[in-house]
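Data first, discussion second: the structure below is written as structure tokens.
Nothing in this text is a laboratory measurement; each read-out follows from the coordinates by a stated rule. Please read all numbers here as calculations on a predicted model, not as lab measurements. Positions of Cβ are generated from backbone atoms using ideal geometry, with glycine treated the same way; all protein chains shown enter the neighbour counts.
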């Protein structure tokens, strides 16, 4: 029984980052890259992959050394660890996918300044064991990547009516997921800066609305439940009184 | 190869040094910045935010 | 080299390639500390100082250490740590020098380490290749003026945005849009307005 | 104390680990990155010319005689040479570089122009590949920051249209979709390539008259008549060698295109343009004039009537002689009427937008027609005109045909001004104003100015028709 509970905990460590605590849509962390490199689905996904690598690796290393690093120099040590991984990712991307490297531009080195990574290191990895930290990093960065993909897909679709793949990521094949021939209706503004802000704003509002709706329904359900309990209690009381009366 | 390692090393040492110096410099008495400004910010990696949460 | 080069660098970094609205650098503080106009001013002042001094330091580091030793590939880690050290030094100096200043700016300084605008401008200055165009010495002046312009642009946008947000607080906004979503849309409209400045330089 | 030691130890370990891992990754990726960059830059050239994909590349980047010149040799797996690409600087700033491509046996198979442009969506670098006959083999996007979907759409739909067209005479697709900006960059790359190749060709032609020719400059552009322009030919030291008059005329055997060289009343020769395409009879007919090279222009015998070409050639040489002798004043008169030799008194016109008119006369004092000047400083469509006042001269002959339109002054932006200059030839030879709706497609970049031009021409034609009738 106890084991089962622990496993469930592990799973939630992983899944909470996807939706419940999504770094972009819930905590608004890492908005700079979320705006800058999401002009297409692929660049968004590419950035997501890089963040998955950096965050998971830095979480693992931070939690490995959590007892070794003195409390006093915790923050600088974490910054150095993250900066090291970002430098490695920077070089690796240039070697593996030059087109992606060119299109992400200075936003690869800027992963180092992404609040998400530092935030996870200080608030989670420094207090948990390696396995949980790795899962947390993976989940959080996957959540980040999914959000990036969502924003990128929205912007690319609105701006061009298509979703391309194989242009930046070295997939070995190129093409377009949807070809709507929507060129005359495309809204070019969405690949630009203004479109980025507006798309994220609209998505946030949609998620807020969903959240509020859920809360509202939960509240109604709870109210009903309380009402039911009250009725049941009243029923019981009445029955008791009746029983007492009859006795 | 060696210049790279040496430069990285020196810069890390510089950063750790300045960080420790700054940390050990006491805050001027009753001059702590108002926490009001901090509340409106959502940057969870901010040093102040953490210090506030620790308190 | 004529002085117009500096003017052009400042105007272009401030208005045309605005750090926040066009280059998406420093969006976190843009949304984070823009709830009140006072905090916006405090943050801008801190950013301006660190951005200018930081870009000078990273420029010098790049052209006098990294390039001569052919180790430019470590620039990412080197830049972030140099900027972080600078912030620490500044904070320490302010702590010792002026109580008033510390009260006003102290809270913003630690935030700056994770402000990608500073690092982004430092990287951009190198990538723009000012040194190749104007020579290392004069290139530094151009890089400094573009950093100054970028900081001015940051201050302008974050201050304007904070005043809009103060009014938004009082406005009757649908609950789902309250707070950040409507602010982002406002930022999008501001970005549209800045798009109109394209092409003046 | 212990604490301090611990901090020092952490510093040591973190510093060493960080430094070592970065250096290690760099060592692992350094060669791959360099190889990537080389491949990205050179592989396309092999692909375009259907050469095998090179297994290894040997790039000689050491500057030889020119600072930006380099050579890339591609080898297959057995170290057999597949091909070579030689890169050269181009003086035209807009063109990034020019490359000559050779096959494995060392024969040149074509050349490639690389044009870099920055448009609203970012940088775009286009390769235009042309074979030895000037036929476009491929137009490729080498590298771009433009939105991938726009690039993809252009790649899918429009790049193939270029293949097989002659670079000097390219038909462009004209559409107004979202990808227009990207296509505009490609279009300008193709145009620039055409211009550069034409300039190279022209120079090759000029070298048959002035062997030291290195560059040329258009001195006067004659709008009317069969002589196109006067071009000054310079050698490598910018020393003036002479003038060449490119001449063109149609006769019943097709178009004859010649270069006539005359300088300071000395005849230097006449050669066919593009001799590789000229017929043998034509070349033979031209050989006769070799006898006069170095002689005074007054001694040339222009009465040959042996072959079908002679009449035309004689006429063209005669025209070139006329052009080389004319004074500045005469040249100015002849901008408006080809045969003008004097002008009458200017008469003011009190009718907007016209200002005045001047009659022009030929050598026999016969009136050729009138030249009208007019000015518009507001846009006829919207009322507020961005360009500032636009002042034109329009020459209309006695038959009511517009001979030429000249821009005296305009305050357009540089781009619109260039467009105007280029497209004003649309008005030559018309006897009725251009249809309003057509102006947009004629003046794609300078539409408002185009409407103003048309309005002035229309006013001049109306006024002229009224007066001529009387």
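Given R₀ = 60 Å, FRET efficiency for residue D:430-residue D:38 by Cβ-Cβ distance, to 0.05?
Efficiency for this residue pair is about 0.60.
Under 8 Å for C-alpha pairs, at least 6 residues apart: give me the relative contact order for chain C, rounded to a whole percent.
The value is 42 percent.
Considering only C-alpha atoms, what is the centroid distance from the stretch C:10-80 to the stretch C:95-112, in Å?
19
Which one of A:82, A:206, A:49 has the biggest mean-square fluctuation once chain A is modelled by GNM with Cα springs under 10 Å?
Between A:82, A:206, A:49, it is A:206 that shows the largest mean-square fluctuation.
As a footprinting exposure proxy, order D:2, D:203 by other Cβ within 10 Å, with the fewest listed first.
The order, fewest Cβ neighbours first, is D:2, D:203.
What 222 nm value per residue comes from the helices of chain D, counting each DSSP H run with n ≥ 4 as -39,500 (n - 2.57) and dividing by all residues, nearest 500 deg cm²/dmol?
After summing the helix terms and dividing by residue count, I get -11500 deg cm²/dmol.
Can you figure out the FRET efficiency of residue D:8 with residue C:99, using R₀ = 30 Å and their beta-carbon distance, to the nearest 0.05?
So, using R0 = 30 Å, E works out to roughly 0.35.
Quick one: grab Rg to one decimal and Dmax as a whole number for the stretch C:68-201, Cα atoms only, in Å.
Gyration radius and largest Cα-Cα distance of the stretch C:68-201: 19.0, 60 Å.
Rounded, prolate or oblate: which fits the protein assembly as shown, taking a ≥ b ≥ c as square roots of the Cα gyration tensor eigenvalues, rounded meaning a/c under 1.5, else prolate when a/b beats b/c?
Prolate, since a/c reaches 1.5 and a/b exceeds b/c.
Report Rg (one decimal) and Dmax (nearest whole number) for chain D, counting Cα atoms only, units Å.
Spelled out, the Cα radius of gyration and Dmax of chain D are 29.6, 114 Å.
Measure off 7 Å from each Cα along the Cα-to-Cβ vector at residue A:231 and residue D:279, then give the distance between these two points in nanometres to one decimal.
About 10.6 nm separates the two model spin labels.
Taking only Cα atoms and a 10 Å spring cutoff, compute GNM fluctuations for chain A and point out the largest among A:66, A:219, A:74.
In the Gaussian network model the winner is A:219.
Full-extension gain between residue D:168 and residue D:377, please, as 0.36 nm times their residue separation minus the C-alpha to C-alpha distance.
That pair, residue D:168 and residue D:377, stretches by 71.6 nm at full extension.
Using a basic spin-label model with each label point 7 Å from the Cα along Cα→Cβ, how many nm lie between residue A:209 and residue A:224?
2.3
Counting pairs of Cα atoms in the stretch D:1-139, how many percent are more than 24 Å apart?
Counting every Cα pair in the stretch D:1-139, those more than 24 Å apart make up 48 percent.
Could you pull out which residues in the stretch D:228-260 have an amide N less than 20 Å from a spot 7 Å beyond the Cα of residue D:219, following the Cα-Cβ vector?
D:228-248, D:258-260
Sorting check: for C:83-96, D:250-263, which peptide has the highest mean count of neighbouring beta carbons within 10 Å, and how do the rest follow?
Most protected by this proxy first, the peptides run C:83-96, D:250-263.
P(r) for the stretch C:47-140: what percent of alpha-carbon pairs falls in each 5 Å bin, starting at zero?
In order of increasing distance, the bins hold 3, 13, 24, 21, 16, 11, 7, 4, 1 percent.
Which whole-number percentage describes the relative contact order of chain D, with Cα contacts under 8 Å and a sequence gap of 6 or more?
Relative contact order comes out at 5 percent.
Restricting to DSSP H runs of at least four residues, report the calculated mean residue ellipticity at 222 nm for chain C, -39500 (n - 2.57) per run over all residues, nearest 500 deg cm²/dmol.
Value at 222 nm, helices only, nearest 500: -23000 deg cm²/dmol.
What's the angle, to the nearest 10 degrees (0 to 90), between helix D:2-48's Cα axis and the longest principal axis of chain D?
Taking the Cα atoms of chain D, the angle to D:2-48 is about 40 degrees.
Give the Debye-formula value of log10 I(q)/I(0) at each listed q (0.19, 0.22, 0.23 Å⁻¹), with one equal scatterer per alpha carbon of the stretch D:218-325, two decimals each.
-0.97, -1.28, -1.38
Express the relative contact order of the stretch D:149-278 as a whole percentage, based on alpha carbon pairs under 8 Å and six or more residues apart in sequence.
It comes to 14 percent, rounded to a whole number.
For residue D:53 and residue D:88 in one chain, what is 0.36 nm times their gap in residues minus the Cα-Cα distance, to one decimal in nm?
Full-extension gain reported as 10.3 nm.
Counting only helical runs of four or more DSSP H residues, what would the 222 nm mean residue ellipticity of chain A come to if each run contributes -39,500 (n - 2.57) and the total is spread over all its residues?
The helix-only estimate for chain A comes to -23500 deg cm²/dmol at 222 nm.
Expressed in whole Å with the largest first, what are the equivalent ellipsoid semi-axes of the stretch A:2-191 derived from the C-alpha gyration tensor as the square root of 5 times each eigenvalue?
Each semi-axis is √(5λ); the values are 33, 19, 14 Å.
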